[in-house]
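Visitor: Handing you a structure now.
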Amino acid sequence: MASLENAIQFKADVDASFDRAGKFTDHPEGLLQQIKTCNSVLHVTFPLPSKNGYEVIHGWRAEHSHHKTPVKGGIRYSPLVDEDEVIALASLMTYKCAIADIPFGGAKGGVRIDPKKYTEGEMQRITRRYTSELSKKNFIGPAVDVLAPDVGTGPREMGWIADTYSLLNANQLNSSACVTGKPISAGGIHGRIEATGLGVMYAAKEVCSIKEDMKELGLDKGLMGKKIVIQGFGNVGYNAARYFHEEDAKIVGIFEVEGGIYNSKGLNPNTVFEHRRETGSLLGMEGVEEYGPEASFLDVECDILVPAAIEQVIHKDNMDKVKAKIIVEAANGPVTMRASTSLSQNGVLIVPDILANAGGVVVSYFEWLKNLSHVRFGRMTKKHEERMTHNLIEAVERASGRWLSQEEKKRVSQGADEMELVASGLEDTIADTYNQIRQKMKSNPAIPDLRTAAYVIAIDKIAHNYMELGIFP
Ligand code: NAD
């Protein structure tokens, strides 16, 4: 499917999911339209000097909903970026923030470039110019619109964005909060890089912890031993694989643009990552079966399918090949509306993107809070917590007459560091949100799937916010 068609279909699918869920609410049509419609879109063009003169670069930023500010969302660098895609992704951000109680509206940005074709110097130039364009039009700022990484961008680009914005706003004390996913030294938070992948694992873990649901799917409770196939081995796919592996799930297949690898006994994601980093390809590893680039990640048997690459990879023409009982949507919009409806009717449990990949924005929220407070989480409390726990242990030891070794005492009384606090806040948010969505679905047998239930919750929360603002009394 051509890119433009793909983007239009993607946006139509997000809107169709919204419309379907809207029917399970009693909000007036005008309010539903206000929530669904994108509030503002900026399209910028600027020149990049090239060997043959100048190349015109196109970039976008869509601010989907200002029911809460700032708005928040990633920046994508890809040759397939276009306005409809950016708007669809911004809408997903609005619903994602709403269901997870993150106090942001949704936004998304993109620059239509293939990052592989540019030098580091050119990438820096593009990123800084894009940031300046956003700043000129008030489409970036800690209280206005907060950027983050997405496909094709990472801490390096986020660092350039923070630096450019700070240079343009030298008197703003909180300027570093204009973007999240920054390097730690530039005000980032421990755990942001791996947050989306970790959240994907937490979502799957919560789903698999409910015995009655697993029984319905013919699966055992728990993640341990579950066979998993991952499509897309970038930031989200690799980190999700790493955390699934730590939970003793079995990563049996990994697929990328160059092809796929399979091992029924399980792959070690760290070994695969090192091999791909060194050789530039998943292929060529010893002890694994290989698939060429024409093969599909749906060819492999598994319990859980994790599409973690791009949108619309499971669609009407290949949905019959899905063998998994559970699909965890790590990417945004990887299953088309039509395929999602049909697979759900056939008993496949689909964990929707607006929950499954919310880990990124949850931890981005923590980073934004850290930047506003100008202090690392745990800095003021860690030693105090350790001392209190130590005193408690000593009191219990004296009362019971049983004494712990120094090593045991240290392990039990150690205060939480930033990474542990971030991970526990993330796990709590994802597990709690999943249970809210599941409850919503169970409470009304007419709600067909988890995606619709998630949208109903998002719509209700945003509608409530509009009513509180007195805009729709
Ligand atoms: P990334 O660029 O780091 O990785 C994407 C990977 O997918 C790349 O390695 C690419 O080669 C691969 N890929 C692309 N097309 C493919 C195909 N047809 N088959 C197999 N592999 C393919 O991007 P990312 O940050 O990991 O994002 C992946 C998805 O997760 C996107 O949909 C993104 O919107 C979503 N997401 C990302 C974040 C985040 O924090 N990075 C947060 C929420 C959602």
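The values are calculated or read from the model by the stated rules, or taken from the named source; none is laboratory data. Because the structure is a prediction, the values reported are computed rather than measured. FYI the Cβ positions are ideal-geometry reconstructions off the backbone, even for glycines, and counts take in every protein chain you see. Protein only, heavy atoms only, side chains kept; ligands, DNA and RNA dropped before computing areas. Shrake-Rupley method; radii C 1.70, N 1.55, O 1.52, S 1.80 Å.
Residue by residue, here is whether (1) free of Cβ contacts under 8 Å to residues at least 60 places away in the same chain; (2) open to solvent by 10 Å² or more (accessible area, probe 1.4 Å); (3) in contact with a Phe, Trp or Tyr (Cβ under 8 Å, 6 or more places away or on another chain) holds:
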residue: H64; (1), (2), (3): yes, no, no
residue: K68; (1), (2), (3): no, yes, yes
residue: G73; (1), (2), (3): no, no, no
residue: A88; (1), (2), (3): no, no, yes
residue: I113; (1), (2), (3): yes, no, yes
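Visitor: Then there's this: As an exercise: evaluate T131 against (1) of a type in the set (V, I, T); (2) assigned to a helix (DSSP H, G or I); (3) within 16 Å of the ligand (Cβ to nearest atom) and give the number of the one condition it does not meet.
Guide: That leaves (3) as the condition not met.
Visitor: Residues T127, T180: which one is touching a residue at least 40 places away in the same chain (Cβ under 8 Å), touching a helix residue (DSSP H, G or I) at 6+ places or on another chain (Cβ under 7 Å) and hydroxyl-bearing (S, T, Y)? If you could, list the steps in order and put the result at the bottom.
Guide: Details: T127 fails: touching a residue at least 40 places away in the same chain (Cβ under 8 Å).
None of the others qualify; the one that does is T180.
Visitor: Any residue in the stretch 327-344 that is at negative phi sitting within a Cβ distance under 7 Å of a residue that is among the charged types (D, E, K, R) and part of a loop (DSSP other than H, G, I, E, B)? List the pairs, counting only those 6 or more apart or interchain.
Guide: Partner pairs satisfying both residue conditions: A331/E311; N332/E311; P334/E311; V335/E329; T336/K316; R338/K316; A339/K316; S344/D449.
Visitor: Also, I was wondering about something else. Taking interchain pairs and intrachain pairs at least six residues apart, which have beta carbon atoms under 9 angstrom, with the first residue in the stretch 307-324 and more than 19 Å from K227 (Cα to Cα) and of a type in the set (D, E, K, R) and the second within 12 Å of the ligand (Cβ to nearest atom) and part of a loop (DSSP other than H, G, I, E, B)?
Guide: Listed by first residue and then by second, the contacts come to E311/A331; E311/N332; E311/G333; E311/P334.
Visitor: Give the residue that is farthest from D145 (Cα to Cα), with candidates limited to residues of the stretch 359-402 that are in contact (Cβ under 8 Å) with a residue 12 or more places away in the chain and of a type in the set (D, E).
Guide: That would be E386.
Table: residues versus (1) within 18 Å of L349 (Cβ to Cβ); (2) more than 11 Å from the ligand (Cβ to nearest atom); (3) part of a helix (DSSP H, G or I); (4) not small (G, A, S).
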residue: A162; (1), (2), (3), (4): no, yes, yes, no
residue: G181; (1), (2), (3), (4): no, no, no, no
residue: S185; (1), (2), (3), (4): no, yes, yes, no
residue: G199; (1), (2), (3), (4): yes, no, yes, no
residue: D220; (1), (2), (3), (4): yes, yes, no, yes
residue: N239; (1), (2), (3), (4): no, no, yes, yes
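Visitor: Within the stretch 23-35, identify whether any single residue is among the charged types (D, E, K, R), open to solvent by 10 Å² or more (accessible area, probe 1.4 Å), at pLDDT 95 or above and closer than 19 Å to G106 by Cβ, and answer yes or no.
Guide: No, the stretch 23-35 has no match at all.
Visitor: Could you list, in sequence order, the residues of the stretch 264-304 that are within 12 Å of the ligand (Cβ to nearest atom), more than 23 Å from M201 (Cα to Cα) and part of a loop (DSSP other than H, G, I, E, B)?
Guide: Once the filter is applied, which keeps residues that are within 12 Å of the ligand (Cβ to nearest atom), more than 23 Å from M201 (Cα to Cα) and part of a loop (DSSP other than H, G, I, E, B), the stretch 264-304 yields G280, S281, P293, E294, A295.
Visitor: A further question on this structure: If I filter the stretch 425-440 for residues that are more than 23 Å from A177 (Cβ to Cβ) and in contact with a strand residue (DSSP E or B) (Cβ under 6 Å, 6 or more places away or on another chain), do I get at least one hit?
Guide: no
Visitor: Would you tally the residues in the stretch 241-263 being part of a loop (DSSP other than H, G, I, E, B) and under 26 Å from G152 (Cα atoms)? Working first, answer last.
Guide: Looking only at the stretch 241-263, we keep the residues that are part of a loop (DSSP other than H, G, I, E, B), and these are 247-249, 257-258, 263.
With the extra rule that they be under 26 Å from G152 (Cα atoms), the set shrinks to 257-258.
The total comes to 2.
Visitor: Being hydroxyl-bearing (S, T, Y), at pLDDT 95 or above, open to solvent by less than 50 Å² (accessible area, probe 1.4 Å) and within 13 Å of the chain's Cα centre (by Cα) is true for just one of Y118, Y95. Which residue is that?
Guide: Y95
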